[in-house]
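Asker: One structure is given below, represented as structure tokens, and several questions about it will come after.
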Amino acid sequence: QVLLVESGGGLVQAGGSLRLSCAASGSIHSINAMGWYRHAPGKQRELVADITSNGSTTYADSVKGRFTISRDNAENTVYLEMNSLKPEDTAIYYCNVDYVAGRYFLRFTAWGQGTQVTVSS
């Protein structure tokens, strides 16, 4: 079983910055993609950014140029650096990890517990 522990959320004024982190632990053979999703009230959960095992990244159009995703493979940790935050970035942010585990090297997906990010105007 894999455990994802998120940290770094909070309250910040518009224009400010926050850094989220998500550490994966447990019996893992390898981790493929790691990413961040967010869920705002009244909206569907959306992909914010993800990063593959070789470092290729994808960003939602709404965060391009403001957010940066990175990962530390040795620590099984993914980060999301968020700059120039806007009130519309307010949401619960969830870490997502695609990994291989178990006797038969099967592929699984795990979700973090979510961390609240609130941007005041």
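The values are calculated or read from the model by the stated rules, or taken from the named source; none is laboratory data. Note that the structure is a prediction, hence the values are computed from the model and not measured. Virtual Cβ from ideal backbone geometry, glycine too; neighbours counted across all protein chains shown. Only protein heavy atoms, including side chains, enter the accessible area calculation; ligands, DNA and RNA are left aside. Shrake-Rupley method; radii C 1.70, N 1.55, O 1.52, S 1.80 Å.
Asker: Looking only at the range 32-56, which residues are surrounded by fewer than 14 Cβ atoms within 10 Å (Cβ to Cβ) and touching a helix residue (DSSP H, G or I) at 6+ places or on another chain (Cβ under 8 Å)?
Answerer: Selection gives nothing.
Asker: What is the residue count in the range 65-76 for residues that are buried (at least 19 other Cβ atoms within 10 Å of the Cβ) and β-branched (Val, Ile, Thr)? Walk me through how you get there before you give the answer.
Answerer: Filtering the range 65-76 for residues buried (at least 19 other Cβ atoms within 10 Å of the Cβ) gives 67, 69, 71, 76.
Those still in the list that are β-branched (Val, Ile, Thr) too: 69.
Of the residues in the range 65-76, 1 are buried (at least 19 other Cβ atoms within 10 Å of the Cβ) and β-branched (Val, Ile, Thr).
Asker: Further question on the same structure: Among the residues of the range 10-30, is any closer than 16 Å to residue 114 by Cβ, open to solvent by 20 Å² or more (accessible area, probe 1.4 Å) and in a loop (DSSP other than H, G, I, E, B)?
Answerer: So far as the range 10-30 goes, no, none of its residues is closer than 16 Å to residue 114 by Cβ, open to solvent by 20 Å² or more (accessible area, probe 1.4 Å) and in a loop (DSSP other than H, G, I, E, B).
Asker: Report every pair of residues separated by at least 6 positions or lying on different chains whose Cβ atoms are under 8 Å apart, first residue within the range 21-47 and free of Cβ contacts under 8 Å to residues at least 40 places away in the same chain, second open to solvent by 50 Å² or more (accessible area, probe 1.4 Å).
Answerer: Final answer for the pair search is 46/37; 46/39; 47/37; 47/58.
Asker: Considering 59, 94, 99, 104, which residue is in contact with a strand residue (DSSP E or B) (Cβ under 6 Å, 6 or more places away or on another chain) and open to solvent by 40 Å² or more (accessible area, probe 1.4 Å)?
Answerer: Only one candidate passes the filter, namely 59.
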